[in-house]
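Have a look at the structure below before the remarks.
The values are calculated or read from the model by the stated rules, or taken from the named source; none is laboratory data. Predicted model, so just to flag it, every value in this text is computed and none were measured. Using ideal geometry, Cβ is built from the backbone for each residue, glycine included, and neighbour counts are taken over all protein chains shown. Each accessible area value is taken on the protein alone, full model and side chains, heavy atoms only, with ligands, DNA and RNA left out. Shrake-Rupley method; radii C 1.70, N 1.55, O 1.52, S 1.80 Å.
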Amino acid sequence: MSWKLDETVRTSAGTVAAGRLGSGPALVLAHGWPWSSFSWHRIIPDLARRYRVHWYDMPGYGQSEKDAGQRTSLDVQGKIFAEMLAYWDIERPIVIAHDMGGATTLRAHLLHGCDFDRYLLMNVVAMRPWGSEFFDHVGRHVDAFRGLPPHIHRAVVEAYIKGAIVNDIDSGDFEKLVEPWLSEEGRASFYRQFAQADERYTAEVEPMFGDIRCPVKIIWGEDDPWIPLKRGKALHALIPQASFETLPGVGHLPQLEAPDLVLTRLQAFSGGT
């Protein structure tokens, strides 16, 4: 497997697990919730033939540090993205962001001065309102969920992840998406993300979308159960300089549901066409 986490980076939000592969122009992948950098593993090998691809698990996610007193909200994640670019000594990468990786990288670009060469947003959280009914419910009753027995917690995580996907994905891939949230620290971090979610961190950057300083492309799984296509179109209206394409028959996790289709869209954009 080309995806690996063989770098340990100390950041202001804790220790982060990271990896990179390939040679060529710098390209950085930003995952979302409740995923990890593993969600990119099926497209990394192809991208690494043309780019120096960089990825990391955000603080509180995957194999990165999950600490009881840790803040992992979007304001923190935007700052950490900027810190990771500095660690890798990258000044103008191509950036591909998914889900809350969208808000994370938008904050890094618009608030923390990170410049991008090209910017692709895929089924992203970027503007209010965001969060499913379940997301809102857990956020209001997070203490009750923290006390769930392990087997019930596993069922909650599995059901939550399945709710994002409309196509079958590899069973091993599914297990790797679930796995980080099953340990004691993973279970606590899972519910901590609900508790710390706050729409003000997207509200801060929404008025600035017209100030994005690089070419932008938005791609959207047409059948996304979490962030419907109409939200993608609304985002496009706020970033009129962006191009916009849909992925027919694809849900919220295009990079695992339809990796070949995603690669086709990425190649066209990152190649400058």
Leading residue by the ranking (farthest from residue 196 (Cα to Cα)) among those in the range 1-43 that are in contact (Cβ under 8 Å) with a residue 24 or more places away in the chain and β-branched (Val, Ile, Thr): 43
Helices (runs of 4 or more DSSP H) enclosed by the range 138-220 - at least 3 residues per element that are closer than 30 Å to residue 238 by Cα and either open to solvent by 20 Å² or more (accessible area, probe 1.4 Å) or not aliphatic (A, V, I, L, M) (or both): 184-196, 200-203
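Select from the range 249-273 the residues that are touching a strand residue (DSSP E or B) at 6+ places or on another chain (Cβ under 9 Å) and farther than 21 Å from residue 173 by Cβ and write down the one among them that is modelled with the lowest pLDDT.
Our first condition is that a residue be touching a strand residue (DSSP E or B) at 6+ places or on another chain (Cβ under 9 Å); within the range 249-273, this holds for 249-255, 257-258, 261-262, 265-266, 268-270, 272.
Subsequent filtering for residues that are farther than 21 Å from residue 173 by Cβ retains 268-270, 272.
Values: 268: 83, 269: 85, 270: 72, 272: 46.
In this case the residue turns out to be 272.
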Any pair with Cβ under 8 angstrom, 6 or more apart, that starts in the range 132-148 at a residue that is at pLDDT 80 or above and ends at one that is in a helix (DSSP H, G or I) and β-branched (Val, Ile, Thr): 145/138; 145/156; 148/156
Residue 71 open to solvent by 10 Å² or more (accessible area, probe 1.4 Å), out of contact with any strand residue (DSSP E or B) (no Cβ under 9 Å at 6 or more places or on another chain) and in a helix (DSSP H, G or I): no
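Given the condition assigned to a strand (DSSP E or B) and closer than 16 Å to residue 100 by Cβ, answer yes or no: does some residue in the range 35-52 qualify? Outline the logic, then answer.
Looking only at the range 35-52, we keep the residues that are assigned to a strand (DSSP E or B), and these are 52.
Filter once more, keeping what is closer than 16 Å to residue 100 by Cβ: none.
Taking every residue of the range 35-52 in turn, none turns out to be assigned to a strand (DSSP E or B) and closer than 16 Å to residue 100 by Cβ.
Scan the range 104-124 for residues that are on the phi < 0 side of the Ramachandran plot and either open to solvent by less than 10 Å² (accessible area, probe 1.4 Å) or assigned to a strand (DSSP E or B) (or both) and report the count.
Taking the range 104-124 first, the residues on the phi < 0 side of the Ramachandran plot are 104-112, 114-122, 124.
From the residues that got through so far, the ones that are either open to solvent by less than 10 Å² (accessible area, probe 1.4 Å) or assigned to a strand (DSSP E or B) (or both) too are 104-106, 108-109, 116, 118-122, 124.
Qualifying residue count, the range 104-124: 12.
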Matching residues, the range 46-104, being within 22 Å of residue 219 (Cα to Cα), touching a helix residue (DSSP H, G or I) at 6+ places or on another chain (Cβ under 9 Å) and hydrophobic (A, V, I, L, M, F, W, C): 47, 53, 55, 74, 81, 94, 95, 96, 97, 100, 103
Subset of the range 224-246 [assigned to a loop (DSSP other than H, G, I, E, B), touching a strand residue (DSSP E or B) at 6+ places or on another chain (Cβ under 9 Å) and open to solvent by 60 Å² or more (accessible area, probe 1.4 Å)]: 241
Odd one out for residue 249, checked against (1) open to solvent by less than 40 Å² (accessible area, probe 1.4 Å); (2) out of contact with any Ser or Thr (no Cβ under 9 Å at 6 or more places or on another chain); (3) in contact (Cβ under 8 Å) with a residue 60 or more places away in the chain; (4) assigned to a helix (DSSP H, G or I): (4)
First in the range 156-167 and without any contact (Cβ under 8 Å) to a residue 60 or more places away in the chain and among the hydrophobic types (A, V, I, L, M, F, W, C), second anywhere and surrounded by fewer than 16 Cβ atoms within 10 Å (Cβ to Cβ) and outside any helix (DSSP H, G or I), Cβ under 8 Å, 6 or more apart: 156/148
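Considering every residue within the range 80-90, establish whether at least one is farther than 26 Å from residue 212 by Cβ and buried (at least 20 other Cβ atoms within 10 Å of the Cβ). Before the answer, list the steps.
Let us first name the residues in the range 80-90 that are farther than 26 Å from residue 212 by Cβ, namely none.
No: zero hits.
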